[in-house]
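Remarks on the structure that follows.
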């Protein structure tokens, strides 16, 4: 199908300058199809006519002004404020992500519009005191909140479906954890350290299925209480602590695991993180680190900017790219012996989370969270789903070995 991009003369003459500029940018769309309903009721169609098909209804021109000024952050804030709607948020974001090069000005915004956001992000660097505050901002929203939409395993990280996307989420989560433990070489009686133990899913499997002696650390009091109760209920013993990973001074472990925790460390602390892994690992021991990564080609622009996730969801966080992950591990004396990427599995995991989350809207509100909070989380889950579906991000289990 030929391009259905709206010609310039079809743009409304009464639209403000910012809106006309955004609409002209949308004329560059080459992949997928986007139908835009303007505040006055007029509809314009942009793109190739091919899938994915997305639609957006602008309730005012404010989304254009916000997006042009602050990029994806402004676009998200406009959604949170209810200034635009869409029948499928993930598809809309996929179209925009797929056309990243064509609409880069809207994605990143003007430098002056993002300067304050960048400064705010830099002020969230993960010192020991700030780390606990940053973790609290996300993970201590209450166990009841996460229990509403995570599956029964309480894994808040990508599942691994191994090609079978019809299987229950809990089954795929168990498969992910089991693979990580096997890649780390965990055997009966081994002393195992988990950096960022969450709600205890990995600690439970390591203790019950692998008969390991587990030590786990977290900075979330809510998660720690849940994980301790979980292990106690199974009758297994585990040393679970409220402790910064930098303060662990135990004897070396046979194996170390860390599932999607390195992203929360902050770029300036990656050397410390990997040096800690190397210090706490026995010679010949293995670590399995599961990490979200951003594509290498997007890394230079990413580290010079800030995004919606860093501003509203994970303060202080920073994604490594594959080459930076390998470099940091090597600098600490660790050898990468295996890399296993499964980004499309994360897109499916996020799709299911978002579906469950929106299905529990009334119960989320009953916990005291308002509509703005709900829309923030809806955008966050869809934003991440689109990034993985379009390969801007990936998730990788890296197996590292200490010589």
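The values are calculated or read from the model by the stated rules, or taken from the named source; none is laboratory data. Worth saying up front: this structure is predicted, and the values here are computed from it rather than measured. Every residue, glycine as well, gets a Cβ built from its backbone with ideal geometry; the counts of neighbours run over all protein chains shown.
Which pairs do you get when a residue that is free of Cβ contacts under 8 Å to residues at least 40 places away in the same chain and assigned by TED's automatic domain parsing to the domain that holds residue 145, found in the range 361-376, comes within reach of a residue that is buried (at least 16 other Cβ atoms within 10 Å of the Cβ) and assigned to a helix (DSSP H, G or I), reach meaning Cβ atoms under 7 angstrom, with the pair 6+ apart or on two chains? Listed by first residue and then by second, the contacts come to 361/374; 374/364.
Residues of the range 270-302 that are surrounded by fewer than 15 Cβ atoms within 10 Å (Cβ to Cβ) and in contact with a strand residue (DSSP E or B) (Cβ under 9 Å, 6 or more places away or on another chain): 284 alone.
Quick check, is residue 236 surrounded by 15 or more Cβ atoms within 10 Å (Cβ to Cβ) and touching a helix residue (DSSP H, G or I) at 6+ places or on another chain (Cβ under 7 Å)? When the stated conditions are applied, residue 236 passes them.
Scanning the range 17-55 for residues that are more than 20 Å from residue 386 (Cβ to Cβ), touching a helix residue (DSSP H, G or I) at 6+ places or on another chain (Cβ under 8 Å) and without any contact (Cβ under 8 Å) to a residue 24 or more places away in the chain gives 24, 27.
The single condition among (1) surrounded by 22 or more Cβ atoms within 10 Å (Cβ to Cβ); (2) modelled with pLDDT of 95 or more that residue 83 does not meet is (1). For the range 191-229, filtering for residues that are surrounded by fewer than 24 Cβ atoms within 10 Å (Cβ to Cβ), more than 21 Å from the chain's Cα centre (by Cα) and free of Cβ contacts under 8 Å to residues at least 60 places away in the same chain leaves 12.
The number of residues in the range 80-110 being over 16 Å from residue 390 (Cα atoms) and under 19 Å from the mean Cα position of the chain (by Cα) comes to 2. The set of residues in the range 79-104 being touching a helix residue (DSSP H, G or I) at 6+ places or on another chain (Cβ under 7 Å), under 20 Å from residue 294 (Cα atoms) and assigned to a loop (DSSP other than H, G, I, E, B) consists of 100, 103. Within the bounds of the range 213-226, is there any residue that is more than 21 Å from residue 263 (Cβ to Cβ) and in a loop (DSSP other than H, G, I, E, B)? Taking every residue of the range 213-226 in turn, none turns out to be more than 21 Å from residue 263 (Cβ to Cβ) and in a loop (DSSP other than H, G, I, E, B). Being modelled with pLDDT of 95 or more, under 19 Å from the mean Cα position of the chain (by Cα) and in a loop (DSSP other than H, G, I, E, B) is a condition met by at least one residue of the range 137-151.
Restricting 67, 48 to residues that are surrounded by 16 or more Cβ atoms within 10 Å (Cβ to Cβ), outside the structural domain of residue 311 (by TED's automatic domain parsing) and under 20 Å from residue 378 (Cα atoms) narrows the list to 67. So which of 100, 120 ends up being out of contact with any strand residue (DSSP E or B) (no Cβ under 8 Å at 6 or more places or on another chain), at pLDDT below 90 and within 29 Å of residue 34 (Cβ to Cβ)? After ruling out the rest, the residue left standing is 100. Can you say whether residue 247 is exposed (fewer than 15 other Cβ atoms within 10 Å of the Cβ) and at pLDDT 95 or above, as far as the supplied structure shows? Yes: the conditions hold for residue 247.
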